[in-house]
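Input: one structure, supplied below.
The values are calculated or read from the model by the stated rules, or taken from the named source; none is laboratory data. Since the structure is predicted, the reported quantities are computational estimates derived from the model, not experimental observations. Using ideal geometry, Cβ is built from the backbone for each residue, glycine included, and neighbour counts are taken over all protein chains shown.
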Amino acid sequence: MAKLSYPHMGSSVLAVDAMARTMGYDVVSPRPPTQNTLTLGTRHSPEFACIPFKIVLGTYIESLERGADVLLSGGGKGPCRAGYYGELHRRILLDLGYEHEMIFFWPPLRTPVDFLRKLRRFKAIPGASWGDVGRALRMTWEKLKAVDDLEILAHRVRPRERTPGDTSRALSAAMRRLDAAETVAGTRTALGEGTERLDSVATRETDPGDALKIGIIGEIYVQLEPFANFRIEERLGDLGAWVQRSIFLTKFARTDILARGDRDVARTASAYLPENVGGHGQSSIGEIIEYAHKGFDGVVQLAPFSCIPEIVAKSIVPSVSREYGIPVMTLFIDEQTGEGGVQTRLEAFVDLLRARRRRGKDLEHAALPGN
């Protein structure tokens, strides 16, 4: 039986595992990346490759060592270099002596013929039928929706938890239960149980609206993979901030995989960046503006070091931040980035946002009649 593996990217593993098992694969589920994963990938990567490239390569090597012989991956078309990564990974792994087959998908509406050809190959390896493919896609979608719903709820609960870590523990337990679900009905039941578990986390008696609201924008891999972003959602939540990512798996599937990008965000960004520069560069500008309109206190831009689309966006960020009155902190990440430095910068950013909010309230109070 073919043994399939793929890159680890946050909680997406729950959905991809379910899809592959439904189609008849023996799944070598990728383990969460560690420092050893990054070191392994860095050792065999071009020097100026970005950190997602290096982590994914290290993950591939670890999975191949555990017996995988089919690797699944995907990437975008256009200026971003990610479109080349599948072929580069394949050649590096072959040079290292790993015999394997790699199936690299591009967005179906951009390369329909290539997508169908690879989908046929993907189902043919375990001998799956088109009915199996349909069931697998339905199961995948249900799990993706459940993952997003649970993470969104955790973001709201964590800033108010009484005991640090309770939200993360409840979320982990909910995700394990979701992973064990083998049917659509079971997935929905697991979502309900996970929601109850998160709702039962003991919280302080404060208005959820009192928490700082911080948006997270930037490149998809460093947004969704906790190892790559130093668990930024948990860190900001522990500092009392309600976090909202600009990318969730179901939204990404609708706008980037099944369509040609988020046109509303592109229109919002067009006054500053009218062209698609690849990756999420244009989206990052539009999302800052959208967060400002929604009344968020600040935004964190996450980007792999050397990521050209995010570098282009970063050059425009100061103008957008100034015009819309929303602070933006950019965090470029590579294998040299240290956990302590990230924590210090986040603490300073949160302190700045709190001080800014207090100044705003003081000005509002001073403007009241009688003051």
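Among the residues of segment 65-99, how many are crowded, with 18+ Cβ neighbours inside 10 Å and basic (Lys, Arg)?
Residues that pass the stated criteria total 2.
With the checklist (1) surrounded by fewer than 19 Cβ atoms within 10 Å (Cβ to Cβ); (2) aliphatic (A, V, I, L, M); (3) more than 19 Å from the chain's Cα centre (by Cα) in hand, flag the one item Ile308 doesn't pass.
(3)
Given the conditions (1) in contact with a strand residue (DSSP E or B) (Cβ under 9 Å, 6 or more places away or on another chain); (2) in the same structural domain as Phe349 (by TED's automatic domain parsing); (3) surrounded by fewer than 23 Cβ atoms within 10 Å (Cβ to Cβ), and given that Thr250 satisfies all but one, which numbered condition is not satisfied?
(1)
Examine segment 206-216 for a residue that is hydroxyl-bearing (Ser, Thr, Tyr) and over 30 Å from Gly58 (Cβ atoms), and state whether such a residue exists.
yes
To continue, here is another question. Among the residues of segment 256-273, are any without any contact (Cβ under 8 Å) to a residue 60 or more places away in the chain, within 14 Å of the chain's Cα centre (by Cα) and either within 16 Å of Ile326 (Cα to Cα) or assigned to a helix (DSSP H, G or I) (or both)?
No, every residue in segment 256-273 fails to be without any contact (Cβ under 8 Å) to a residue 60 or more places away in the chain, within 14 Å of the chain's Cα centre (by Cα) and either within 16 Å of Ile326 (Cα to Cα) or assigned to a helix (DSSP H, G or I) (or both).
What is the residue count in segment 301-310 for residues that are in a loop (DSSP other than H, G, I, E, B) and of a type in the set (A, V, I, L, M, F, W, C)?
Here the count works out to 2.
Further, regarding this structure: Return the total of residues in segment 289-312 being under 23 Å from Pro226 (Cβ atoms) and of a type in the set (A, V, I, L, M, F, W, C).
Restricting attention to segment 289-312, the residues satisfying the condition of being under 23 Å from Pro226 (Cβ atoms) are 291, 296-307, 309-310.
In the following step, the residues that additionally are of a type in the set (A, V, I, L, M, F, W, C) were identified as 296, 299-300, 302-303, 305, 307.
Result for segment 289-312: 7.
Also: Determine which single condition Ile326 fails, assuming it passes every other condition in (1) under 16 Å from Asn229 (Cα atoms); (2) of a type in the set (A, V, I, L, M, F, W, C); (3) outside any helix (DSSP H, G or I).
Against the list (1) under 16 Å from Asn229 (Cα atoms); (2) of a type in the set (A, V, I, L, M, F, W, C); (3) outside any helix (DSSP H, G or I), Ile326 comes up short only on (1).
Also, I was wondering about something else. Output the residue which, of all residues in segment 274-300 that are of a type in the set (Val, Ile, Thr) and outside any helix (DSSP H, G or I), is farthest from Ile326 (Cα to Cα).
Restricting attention to segment 274-300, the residues satisfying the condition of being of a type in the set (Val, Ile, Thr) are 277, 285, 288-289, 299-300.
Within this subset, residues satisfying the condition of being outside any helix (DSSP H, G or I) are 277, 299-300.
Numbers: Val277: 23, Val299: 7, Val300: 11 Å.
Step by step, filter segment 274-300, then rank; the result is Val277.
Could you say which residue among Glu161, Glu234, Glu182 is surrounded by fewer than 23 Cβ atoms within 10 Å (Cβ to Cβ) and within 16 Å of the chain's Cα centre (by Cα)?
Details: Glu161 fails: within 16 Å of the chain's Cα centre (by Cα); Glu182 fails: within 16 Å of the chain's Cα centre (by Cα).
Result: Glu234 is the single residue among Glu161, Glu234, Glu182 that is surrounded by fewer than 23 Cβ atoms within 10 Å (Cβ to Cβ) and within 16 Å of the chain's Cα centre (by Cα).
Would you be able to say whether some residue in segment 148-171 is assigned to a helix (DSSP H, G or I), in contact (Cβ under 8 Å) with a residue 40 or more places away in the chain and closer than 24 Å to Asp26 by Cβ?
Taking every residue of segment 148-171 in turn, none turns out to be assigned to a helix (DSSP H, G or I), in contact (Cβ under 8 Å) with a residue 40 or more places away in the chain and closer than 24 Å to Asp26 by Cβ.
A further question follows. Return the only residue of Thr22, Thr34, Thr42 being within 17 Å of Phe305 (Cα to Cα) and not hydrophobic (A, V, I, L, M, F, W, C).
So the residue among Thr22, Thr34, Thr42 that is within 17 Å of Phe305 (Cα to Cα) and not hydrophobic (A, V, I, L, M, F, W, C) is Thr42.
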